[in-house]
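The block underneath contains the structure these notes are about, expressed in structure tokens.
The values are calculated or read from the model by the stated rules, or taken from the named source; none is laboratory data. Source: prediction; values computed, not measured. As a convention, Cβ positions derive from the backbone with ideal geometry for all residues, glycine included, and neighbour counts pool all protein chains shown. Protein only, heavy atoms only, side chains kept; ligands, DNA and RNA dropped before computing areas. Shrake-Rupley method; radii C 1.70, N 1.55, O 1.52, S 1.80 Å.
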Amino acid sequence: MATERLFGGIEAGGTKFVCGVATSGGRLTARTEFATTSPRETIDRALAFFDGQANRHLISAIGIASFGPVDLNPASLHWGYITSTPKEGWRNVDLAGSVRQAFGLPVAFDTDVNAAALGERQWGAAHGLDTFVYVTVGTGIGGGGMVGGRRVHGVLHPEMGHMRIAHDLSADPFPGSCPFHGDCWEGLAAGPAIEARWGSKGQELPADHEAWQLEAQYLALGVNNLVCALSPQRIILGGGVMRHANLFTLVRRRTLELLNDYIQAPEILNRIDDYIVPPALGDNAGVLGAIALALEIAE
Ligand code: ZN
């Protein structure tokens with residue numbers, strides 16, 4: 001096995017970076033994580049991790065799954081950059097170029113959610129599917145996915161979290177927390193919105209709190225839109241908010257109610273528990289997604 005090819009991955013998050021090395025089968029042989037500080041310090045720590053791998057010469061490519069917004073246009077001079085992020089110091093940072101220059105290896109680059117979607121397809125909850133969506137509900141809402149076996153890239157990349165959804169102000173007067181749109185999907189349903197609306201973090205709210213019915217309503221509205229727009233074969237919901245015990249049950253039920261039997265697909269009508277699902281790769285979804293990106297360009 002000494003000559004088995006290896007693949008590197010960097011999950012570049014706004015809070016932490018996770019770096020890993022894995023086999024083509026997705027088995028991690030090394031992994032580390034550290035807080036995201038200044039770009040120079042953080043990128044240097046990532047480079048030092050790969051530099052310190054004894055079997056570094058076996059690494060064929062490195063994938064980067066980055067927080068955004070990012071420039072994914074291969075024809076752009078700023079491909080591989082983090083662009084207009086509000087995160088202090090990280091605007092216009094050449095993340096992919098720094099890694100490529102350090103090692104001279106092929107470097108793949110995509111959004112964190114697109115990469116996580118690819119990882120779930122390779123080794124997780126979307127295995128064998130070619131049209132599906134991965135949505136993470138945490139400090140924000142991000143969505144990525146594949147259509148017809150390709151990750152979705154258009155002029156930029158999907159920003160599913162900023163979809164507009166129905167907001168009944170008489171039932172929920174909270175104006176929303178998105179600095180750009182107020183009551184977009186993220187502004188109504190991400191973790192900070194729950195905390196701002198109810199005065200407690202989601203994990204501190206009891207299971208029978210009315211917050212969860214409202215949260216399920218908002219998540220189901222977004223899921224309903226994704227079902228209607230992309231006709232996905234499955235929708236994966238991840239992120240900290242989805243860890244709340246009963247939320248999947250509520251979202252599945254509410255999604256069926258909102259669709260109201262209009263879409264006559266047995267995958268949805270008869271197998272909703274297998275249609276709206278949690279990710280299978282858990283805490284390693286991000287770094288394995290980055291490694292899946294590397295695998296794709298190395299082949
Ligand atoms: Zn927004």
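Are there any pairs, at least 6 apart or on different chains, whose C-beta atoms fall under 7 Å, with the first in region 115-140 and over 24 Å from Gly191 (Cβ atoms) and β-branched (Val, Ile, Thr) and the second assigned to a helix (DSSP H, G or I) and open to solvent by 20 Å² or more (accessible area, probe 1.4 Å), and if so, which?
Hits for this filter: Thr131/Leu230.
Quick check on my filter: what residues within region 248-272 are on the phi < 0 side of the Ramachandran plot, open to solvent by 80 Å² or more (accessible area, probe 1.4 Å) and free of Cβ contacts under 8 Å to residues at least 24 places away in the same chain? Please lay out each step first, then the result.
Filtering region 248-272 for residues on the phi < 0 side of the Ramachandran plot gives 248-259, 262-272.
Then keep just the ones that are open to solvent by 80 Å² or more (accessible area, probe 1.4 Å); that gives 253, 257, 262, 264, 267, 270-271.
Once the filter is applied, which keeps residues that are on the phi < 0 side of the Ramachandran plot, open to solvent by 80 Å² or more (accessible area, probe 1.4 Å) and free of Cβ contacts under 8 Å to residues at least 24 places away in the same chain, region 248-272 yields Tyr262, Gln264, Asn270, Arg271.
Please go through region 154-169 and pick out each residue that is within 12 Å of the ligand (Cβ to nearest atom), over 18 Å from Thr83 (Cα atoms) and surrounded by fewer than 18 Cβ atoms within 10 Å (Cβ to Cβ).
Arg164
Identify, from the list Ala65, Ala108, Ala96, Ala125, the residue that is out of contact with any helix residue (DSSP H, G or I) (no Cβ under 7 Å at 6 or more places or on another chain), small (Gly, Ala, Ser), under 26 Å from Leu230 (Cβ atoms) and at pLDDT 95 or above. Spell out the reasoning first.
On the way: Ala65 fails: out of contact with any helix residue (DSSP H, G or I) (no Cβ under 7 Å at 6 or more places or on another chain); Ala108 fails: out of contact with any helix residue (DSSP H, G or I) (no Cβ under 7 Å at 6 or more places or on another chain); Ala96 fails: under 26 Å from Leu230 (Cβ atoms).
Criteria check complete, one pass: Ala125.
Among (1) within 16 Å of the ligand (Cβ to nearest atom); (2) at pLDDT 95 or above, there is one condition Gly138 misses while meeting the rest; what is its number?
Every condition holds for Gly138 apart from (2).
Looking only at residues in region 78-94 that are in contact with a Pro (Cβ under 8 Å, 6 or more places away or on another chain) and surrounded by 15 or more Cβ atoms within 10 Å (Cβ to Cβ), which one is farthest from Thr37 (Cα to Cα)?
Thr83
Return the total of residues in region 6-51 being surrounded by 16 or more Cβ atoms within 10 Å (Cβ to Cβ) and either under 12 Å from Ile64 (Cα atoms) or in contact with a Ser or Thr (Cβ under 8 Å, 6 or more places away or on another chain) (or both).
Going through region 6-51 one residue at a time, the tally reaches 22.
Between residues in region 147-162 that are farther than 20 Å from Leu129 by Cβ and residues that are away from the ligand (no atom under 16 Å from the Cβ), which pairs lie under 8 Å by C-beta distance while being six or more apart or on different chains?
Matching pairs, first to second residue: Leu156/Leu72.
Does region 174-182 contain at least one residue that is surrounded by fewer than 17 Cβ atoms within 10 Å (Cβ to Cβ) and of a type in the set (Phe, Trp, Tyr)? Even if it seems obvious, please write down each step before you answer.
If we filter region 174-182 for residues that are surrounded by fewer than 17 Cβ atoms within 10 Å (Cβ to Cβ), which is where we start, we get 175, 179-182.
Filter again for of a type in the set (Phe, Trp, Tyr), leaving 180.
Looking through region 174-182, at least one residue is surrounded by fewer than 17 Cβ atoms within 10 Å (Cβ to Cβ) and of a type in the set (Phe, Trp, Tyr).
Criterion first (in contact with a helix residue (DSSP H, G or I) (Cβ under 7 Å, 6 or more places away or on another chain), in a loop (DSSP other than H, G, I, E, B) and touching a residue at least 60 places away in the same chain (Cβ under 8 Å)) does Gly9 satisfy it?
Values: in contact with a helix residue (DSSP H, G or I) (Cβ under 7 Å, 6 or more places away or on another chain): yes; in a loop (DSSP other than H, G, I, E, B): no; touching a residue at least 60 places away in the same chain (Cβ under 8 Å): yes.
No.
Need pairs with beta-carbon distance below 7 Å; first residue free of Cβ contacts under 8 Å to residues at least 60 places away in the same chain and within region 165-186, second more than 8 Å from the ligand (Cβ to nearest atom) and of a type in the set (D, E, K, R); sequence gap 6+ or separate chains.
His167/Asp183; Phe174/Arg197; Pro175/Asp183; Gly176/Asp183; Cys184/Arg164
Under the condition of being part of a helix (DSSP H, G or I) and open to solvent by 40 Å² or more (accessible area, probe 1.4 Å), which residue from region 274-299 is nearest to Val21 (Cα to Cα)?
Restricting attention to region 274-299, the residues satisfying the condition of being part of a helix (DSSP H, G or I) are 274, 282-298.
Now narrow it down to the ones that are open to solvent by 40 Å² or more (accessible area, probe 1.4 Å): 274, 282-284, 296-297.
On the way: Asp274: 31, Gly282: 17, Asp283: 15, Asn284: 12, Glu296: 15, Ile297: 15 Å.
Here the answer is Asn284.
Need at least 3 residues that are within 16 Å of the ligand (Cβ to nearest atom) and over 26 Å from Ala125 (Cα atoms) per element, so show me which helices (runs of 4 or more DSSP H) inside region 173-255 make the cut, counting only ones lying wholly within it.
Working: elements: 185-189, 191-198, 210-230.
Counting at least 3 such residues, we get 191-198.
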